[in-house]
Amino acid sequence: MTQPPRDVVTSVLGFARTLRHAGVAASPERVAVMLDAVAHLDVLDPVAVYWAGRLTLCGGPDDLDRYDAAFPAWFGGEVPRARASAPAVRPRVVRSAPLETGAGTPDGEEPDDLATRASGAEALRHRDVGELTAAERAQLRRLFALLAPAAPMRPSRRRRPAPHGSVHVGRTVRGALRSGGEVTRLVHHRARPRPRRVVLLVDVSGSMTPYADALLRFAHAAVRARPTSTEVFTIGTRLTRVTRELRLRDADRALAASGQAIPDWSGGTRIGEVLKAFLDRWGQRGTARGAVVVVCSDGWERGGAELLGEQMARLRRLAHAVVWVNPHKGRPGYEPLAAGMVAALPSVDAFVSGHSMAAFEELVDVIEHVPTPAAPPPRVPAQGRPLQEDRDAC
């Protein structure tokens, strides 16, 4: 069997990974079939590559739209369509915008547009979003459209039948009565999982301006994926709820509506005061209780750092977990020396970066699989007997 070149194999594997992020179940068996098909095709023909992937990697009608969105995001250009007649010159993937400055090929060597495009998209995933050009930001928007953040799950009080778990006494006894009073089968049930609420607090102050657009696009993807269990607020000098604006289907329209609703865009930063307002008005009443709260900020605090530390500790007692996203963490040699970060980190369960597309994909995994914090041990006085409040809690 003819094997495709190594760079083409790398491109197809990366494309399959992008499809899986978009929700297409591109299994290893389907990827192997596409590699076999590409080995017999002209890899410089975007129409042939497009249809080879569409026929092998898609498993149903629901995958077609996601595939059409992922193909130009990975390989660049527009979605190829079948041509009426074959032209004399082989078509090549059209570059919508150069991803690398000074990219070219030596004289006499034919470029491999498919591999070049894929490597450019892969390099863009690791670029700092605050340093991208306008053309690169447009390419990044397509990748954000493929994000499908999943909410962490929690057990609910409702139970459902299951092959394993605790024994359902009522159904087991009723089944025994139908068989003459003899227990012939144990009926099990377990808690039905439900999505846990995710709350995003996005800093839109002046120091976060280069990253605010990307953070809000991530928030839009999260709201679109879980509209009933995701809340988004912006923080700066005041608190603004933008969940309703981000529920618009189109990302550009959602961000435009959010921009009109935010009165303190590119202003100052008073995280402690705004966080207190959030907890007083929303968090204490249930929004933050048992939720995964994601704070997206660089930690520059113009107010008192002591207030921020107190409110973060208060938030930590209410929330299931607290995740802090700092875009500067992705820079080499970064240390959390800002007063706000020093005050907030003791109450943070996960400290991640949010400076690139790869970092946002990592953030999706952190939110979905955030570890359950261990409960603190009960306080014991000197004489060895539990305190009154601990006995009451037991």
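The values are calculated or read from the model by the stated rules, or taken from the named source; none is laboratory data. Remember, it's a predicted structure, so these values are computed and weren't measured experimentally. FYI the Cβ positions are ideal-geometry reconstructions off the backbone, even for glycines, and counts take in every protein chain you see. Surface accessibility is based on the protein's heavy atoms, side chains included, excluding ligands, DNA and RNA. Shrake-Rupley method; radii C 1.70, N 1.55, O 1.52, S 1.80 Å.
When L201 is tested against (1) closer than 30 Å to T172 by Cβ; (2) under 15 Å from the mean Cα position of the chain (by Cα), exactly one condition is not met: (1).
Just so you know, in the stretch 34-60 the residues that are assigned to a loop (DSSP other than H, G, I, E, B) and acidic (D, E) include one that is surrounded by the most Cβ atoms within 10 Å (Cβ to Cβ), and it is D45. Filtering the stretch 273-280 for residues that are within 14 Å of L200 (Cα to Cα) and open to solvent by 30 Å² or more (accessible area, probe 1.4 Å) leaves an empty set. Among residues of the stretch 240-262 that are closer than 13 Å to D213 by Cβ, those with a Cβ under 8 angstrom from a residue that is open to solvent by 40 Å² or more (accessible area, probe 1.4 Å) and in a loop (DSSP other than H, G, I, E, B), sequence gap 6+ or separate chain, pair up as A254/R247; A254/L248; G259/W265. Is it the case that R197 is among the basic types (K, R), open to solvent by 10 Å² or more (accessible area, probe 1.4 Å) and either within 25 Å of D298 (Cα to Cα) or touching a helix residue (DSSP H, G or I) at 6+ places or on another chain (Cβ under 7 Å) (or both)? Judged against the criteria, R197 is a match. For Q260, the conditions (1) part of a helix (DSSP H, G or I); (2) open to solvent by less than 70 Å² (accessible area, probe 1.4 Å) are fulfilled apart from (2). For G340, the stated conditions do not hold, so it cannot be described as of a type in the set (G, A, S), in a loop (DSSP other than H, G, I, E, B), modelled with pLDDT under 95 and over 15 Å from the mean Cα position of the chain (by Cα). Only a single item in (1) open to solvent by 10 Å² or more (accessible area, probe 1.4 Å); (2) in contact (Cβ under 8 Å) with a residue 12 or more places away in the chain; (3) over 24 Å from L308 (Cα atoms); (4) assigned by TED's automatic domain parsing to the domain that holds S297 is not met by R190, and it is number (4). When the stretch 234-257 is filtered for residues that are over 26 Å from W300 (Cβ atoms) and open to solvent by 10 Å² or more (accessible area, probe 1.4 Å), the ones remaining, listed by number, are R244, R247, L248, R249, D250, A251, D252, R253, A256, A257. Of the residues making up the stretch 14-33, those that are within 20 Å of E361 (Cα to Cα), of a type in the set (A, V, I, L, M) and either buried (at least 16 other Cβ atoms within 10 Å of the Cβ) or not assigned by TED's automatic domain parsing to the domain that holds R54 (or both) are A16, L19, A22, V24, A26.
F360 versus (1) over 16 Å from the mean Cα position of the chain (by Cα); (2) at pLDDT 90 or above: which is the lone unmet condition? Unmet condition: (1).
Residues that are open to solvent by 10 Å² or more (accessible area, probe 1.4 Å), among the hydrophobic types (A, V, I, L, M, F, W, C) and in contact with a Pro (Cβ under 8 Å, 6 or more places away or on another chain) within the stretch 289-345 comprise A313, V342, L345, listed in sequence order. A residue that is outside the structural domain of R226 (by TED's automatic domain parsing) and surrounded by 12 or more Cβ atoms within 10 Å (Cβ to Cβ) can be found somewhere in the stretch 175-182. Quick check on the stretch 216-227. Is at least one of its residues farther than 23 Å from R270 by Cβ and not in a helix (DSSP H, G or I)? Yes, because at least one residue in the stretch 216-227 is farther than 23 Å from R270 by Cβ and not in a helix (DSSP H, G or I).
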